[in-house]
Amino acid sequence: MEGEENGNKKKGKQMMEITGYVRVRSHVPEVKVADPEYNCERILKAIDSAENDGVDILVMPELCITGYTCGDLFEQELLLEKSDKALRRICEETEGNGILIVVGAPVRTFGRLYNCGIAIQGGEILGAVPKIHIPNYSEFYEKRWFESGKGITGETIDLAGYKVAFGTDLLFEHEGVKTGIEICEDLWVPEPPSGKLAMGGAEVIANLSASDELIGKQDYIVSLIRQQSARCRCVYAYASAGWGESSTDLVFSGKTIIGENGIADGQNLRFETGEMTLTKDVDIEKLRNERRKYNTFFDDAEYTLRIIERNKGERKNEKITPDIRPDAYPFVPGDRERLKERCEEIINIQAYGLIRRLEAIGCKRAVVGISGGLDSTLALLVTVKAFDKRGISRKGITGVTMPGLATTSRTKNNATALMEELGVTVKEIAIGEAVAQHFKDIGHDPKKYDATYENSQARERTQILMDLANKENGIVIGTGDMSELALGWCTYNGDHMSMYGVNAGIPKTLVKHLVKWFASQADEKTAAILNDIIATPISPELVPSGNDDISQKTEDLVGPYELHDFFMYHMLRNGFRPKKIYQLAKIAFAGKYEASTIKKWLREFYRRFFSQQFKRSCMPDGPKVGSVSLSPRGDWRMPSDATARIWTEEAENLG
């Protein structure tokens with residue numbers, strides 16, 4: 001037995017000395033979504049391991065530098081910058097390394113963003129190959145961020161401080177073996193790019209993929225790889241995204257498959273936590289012989305490809321101080337007449353959206369919870385306008401005031417008076433006894449003013465509204481605004497939920513102007529009520545003060561909404577990084593807020609924005625009214641478990 005073991009070891013040691021063999025590895029590193037620095041560490045560890053194992057070609061998944069499931073975070077300048085820095089670090093730490101390394105990363109060039117496979121060797125980027133076929137169906141919507149690389153050939157671009165070849169006409173030669181790159185969907189089309197790459201000389205095809213799990217999909221992918229490796233008479237190394245990718249709507253279990261001339265074996269076990277690796281020694285010499293033997297292989301070989309030579313280019317950064325005057329209220333036009341026109345247009349959008357929803361479901365009744373605050377007031381006014389436009393009696397609107405454990409007489413009286421003046425059906429349903437019973441049922445101390453104390457009240461109110469809407473064959477109109485959604489300042493399945501959210505696209509700094517517009521159109525008594533509501537401090541009124549004053553003020557807890565709306569606008573609309581937003585805010589709010597105050601609330605904004613995405617991922621339908629929206633079905637598609645670290649770290653380290 002000892003002799004057999006020694007013999008086997010000797011045979012294994014000699015195997016790589018046989019001419020024509022190349023060791024190929026497909027590796028799926030663990031990632032953190034939107035954290036290139038962490039992902040870079042995992043990739044470097046994978047490279048070290050591959051070097052120790054004598055790997056010649058190492059293939060990793062699509063967009064593995066950033067994570068595939070970043071969603072609209074791909075529009076963020078900071079993420080793209082960190083991705084470039086990660087690429088550069090990989091180069092710096094692999095200088096002298098002979099492995100051909102293929103990783104996935106977003107690449108900015110020509111004023112566009114491309115989903116690319118990046119070839120690195122010997123501490124240099126050899127080239128970047130853009131994905132050609134960009135899926136935009138079912139669970140995929142990549143055209144939202146990425147451009148197709150179709151037709152791009154012969155180009156050279158700046159990437160991570162290097163001058164590198166860019167295009168779909170690239171082959172990367174290593175130890176005499178030529179490797180081509182295609183990305184995920186490119187394999188699924190009638191004429192995959194790998195066919196032309198193979199006819200142009202590619203012997204290994206690296207496919208960087210991010211394919212989610214569906215019933216039966218694994219077998220189909222293996223079949224594709226088997227067939228393509230047979231048609232191309234090549235090695236087909238496939239690495240697909242895995243552990244660490246967002247599970248918001250999809251599951252990525254990690255796939256490492258290597259096909260060789262019609263044989264696709266050794267697929268790793270799926271649904272394992274952690275990293276996946278598959279290594280195969282492939283006979284390139286045999287493939288070359290096959291191609292020569294079956295001489296029809298090159299019949300259509302008219303595709304001229306570039307074989308890349310190494311080159312470097314250093315980039316210098318020049319710092320300038322711009323002469324700018326950023327608007328402190330980007331959602332609110334400064335011109336009074338323009339503001340008036342904007343308010344009227346927005347209100348019409350809100351009302352029209354609600355009319356269309358009511359028509360679509362054949363409904364003529366609505367239920368609105370009225371607190372006496374700005375948001376619920378706006379929702380009620382919009383609902384009244386919608387009913388008036390359709391000639392439906394305002395009595396079909398049931399306004400419900402639900403005084404609780406901390407409701408003040410000011411807000412309660414304003415809520416009741418407004419409903420009466422507008423002529424809607426008025427209901428008052430106190431929640432005190434129901435909440436007290438609930439505390440008893442769940443064993444909560446009613447003297448403990450914590451999240452349970454507050455959220456129980458919010459959910460009790462939502463339950464009343466939902467059940468009442470069922471009873472009256474109506475729908476619940478949501479009252480929450482976009483600023484609250486950005487901060488997650490709403491109770492999950494409480495005020496967070498409705499059947500149609502008319503305010504979902506309205507930032508807090510604009511809400512009061514919309515209510516002012518209604519006041520300008522109203523009779524004297526109604527206008528007086530609306531103006532007092534505008535002057536009332538913003539508060540959830542969930543914690544008792546011991547008197548009839550509003551003690552729980554939202555902006556004391558989460559920060560000034562004018563700052564948060566400024567932050568939100570420049571993050572979502574412009575993709576600015578924390579450092580730039582901070583610099584702009586210091587100019588915009590000079591004389592009103594100290595730099596330390598802006599810094600404090602900017603940090604809080606990023607913390608809350610990332611941690612509260614799960615609420616936005618399942619928010620109700622509601623109309624978009626401006627260039628910024630948080631709808632998960634429209635403008636902002638972000639994984640609920642994206643990593644906030646690079647944003648929060650920059651916000652923490654602001655000078």
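Taking segment 248-289 as the region of interest, how many residues are of a type in the set (G, A, S), buried (at least 19 other Cβ atoms within 10 Å of the Cβ) and in a loop (DSSP other than H, G, I, E, B)? Full working, then the answer.
If we filter segment 248-289 for residues that are of a type in the set (G, A, S), which is where we start, we get 253-254, 259, 262, 264, 266, 274.
From the residues that got through so far, the ones that are buried (at least 19 other Cβ atoms within 10 Å of the Cβ) too are 253-254, 259, 264.
Subset that is in a loop (DSSP other than H, G, I, E, B): 253-254.
Qualifying residue count for the region: 2.
Could you say whether any residue in segment 63-72 is touching a strand residue (DSSP E or B) at 6+ places or on another chain (Cβ under 8 Å) and among the aliphatic types (A, V, I, L, M)?
Yes, segment 63-72 contains at least one residue that is touching a strand residue (DSSP E or B) at 6+ places or on another chain (Cβ under 8 Å) and among the aliphatic types (A, V, I, L, M).
From the list G432, G478, G488, which residue is touching a residue at least 40 places away in the same chain (Cβ under 8 Å) and touching a Gly at 6+ places or on another chain (Cβ under 7 Å)?
On the way: G432 fails: touching a residue at least 40 places away in the same chain (Cβ under 8 Å); G488 fails: touching a Gly at 6+ places or on another chain (Cβ under 7 Å).
Of the residues listed, the single one that is touching a residue at least 40 places away in the same chain (Cβ under 8 Å) and touching a Gly at 6+ places or on another chain (Cβ under 7 Å) is G478.
Taking G149 as the residue in question, decide whether it is over 26 Å from R637 (Cα atoms) and not basic (K, R). Full working, then the answer.
Details: over 26 Å from R637 (Cα atoms): no; not basic (K, R): yes.
Here the answer is no, as G149 does not meet what is asked.
Out of I581, I646, which single residue is in contact with a helix residue (DSSP H, G or I) (Cβ under 8 Å, 6 or more places away or on another chain) and touching a residue at least 24 places away in the same chain (Cβ under 8 Å)? Show your work before the answer.
Working: I581 fails: touching a residue at least 24 places away in the same chain (Cβ under 8 Å).
The unique qualifying residue is I646.
Grab the strands (runs of 3 or more DSSP E) fully contained in segment 384-489, keeping just those with 1 or more residues being open to solvent by 20 Å² or more (accessible area, probe 1.4 Å) and on the phi > 0 side of the Ramachandran plot.
Details: elements: 397-401, 425-428, 475-478.
Because the criterion is at least 1 residues that are open to solvent by 20 Å² or more (accessible area, probe 1.4 Å) and on the phi > 0 side of the Ramachandran plot, no strands (runs of 3 or more DSSP E) in segment 384-489 meet it.
With L159, L187 as the choices, which residue is in contact (Cβ under 8 Å) with a residue 40 or more places away in the chain and either open to solvent by 10 Å² or more (accessible area, probe 1.4 Å) or closer than 18 Å to V235 by Cα (or both)?
On the way: L159 fails: either open to solvent by 10 Å² or more (accessible area, probe 1.4 Å) or closer than 18 Å to V235 by Cα (or both).
Only one candidate passes the filter, namely L187.
Condition first: among the charged types (D, E, K, R), surrounded by fewer than 21 Cβ atoms within 10 Å (Cβ to Cβ), touching a Pro at 6+ places or on another chain (Cβ under 9 Å) and part of a loop (DSSP other than H, G, I, E, B). Can you find one or more residues in segment 566-580 that meet it?
Scanning segment 566-580 turns up at least one residue that is among the charged types (D, E, K, R), surrounded by fewer than 21 Cβ atoms within 10 Å (Cβ to Cβ), touching a Pro at 6+ places or on another chain (Cβ under 9 Å) and part of a loop (DSSP other than H, G, I, E, B).
Does G334 count as surrounded by fewer than 19 Cβ atoms within 10 Å (Cβ to Cβ), at positive phi, free of Cβ contacts under 8 Å to residues at least 60 places away in the same chain and out of contact with any Ser or Thr (no Cβ under 9 Å at 6 or more places or on another chain)?
When the stated conditions are applied, G334 does not pass them.
Go through segment 370-401 and report how many residues are closer than 14 Å to A417 by Cα, of a type outside the set (S, T, Y) and within 35 Å of the chain's Cα centre (by Cα).
Result for segment 370-401: 5.
Let me spell it out: the conditions are (1) among the β-branched types (V, I, T); (2) open to solvent by 10 Å² or more (accessible area, probe 1.4 Å); (3) assigned to a strand (DSSP E or B), and V367 meets all of them except one. Which number is the exception?
Condition not satisfied by V367: (2).
Which residues, taken from segment 290-307, are assigned to a loop (DSSP other than H, G, I, E, B) and either aromatic (F, W, Y) or modelled with pLDDT of 85 or more (or both)? Walk me through how you get there before you give the answer.
Our first condition is that a residue be assigned to a loop (DSSP other than H, G, I, E, B); within segment 290-307, this holds for 294, 299-305.
Y294, Y303, L305, listed by residue number.
Hey, can you tell me all the residues within segment 544-587 that are over 20 Å from A651 (Cα atoms) and of a type in the set (K, R)?
Residue satisfying the conditions is K553 alone.
Scan segment 86-95 residue by residue and report those that are part of a helix (DSSP H, G or I) and more than 19 Å from G117 (Cβ to Cβ).
To start, the set of residues in segment 86-95 that are part of a helix (DSSP H, G or I) comprises 86-93.
Matches in segment 86-95: E92, E93.
The values are calculated or read from the model by the stated rules, or taken from the named source; none is laboratory data. Predicted model only: the values in this text are computed from it and were never measured. Using ideal geometry, Cβ is built from the backbone for each residue, glycine included, and neighbour counts are taken over all protein chains shown. Ligands, DNA and RNA are excluded from the accessible area calculation, which covers all protein heavy atoms including side chains. Shrake-Rupley method; radii C 1.70, N 1.55, O 1.52, S 1.80 Å.
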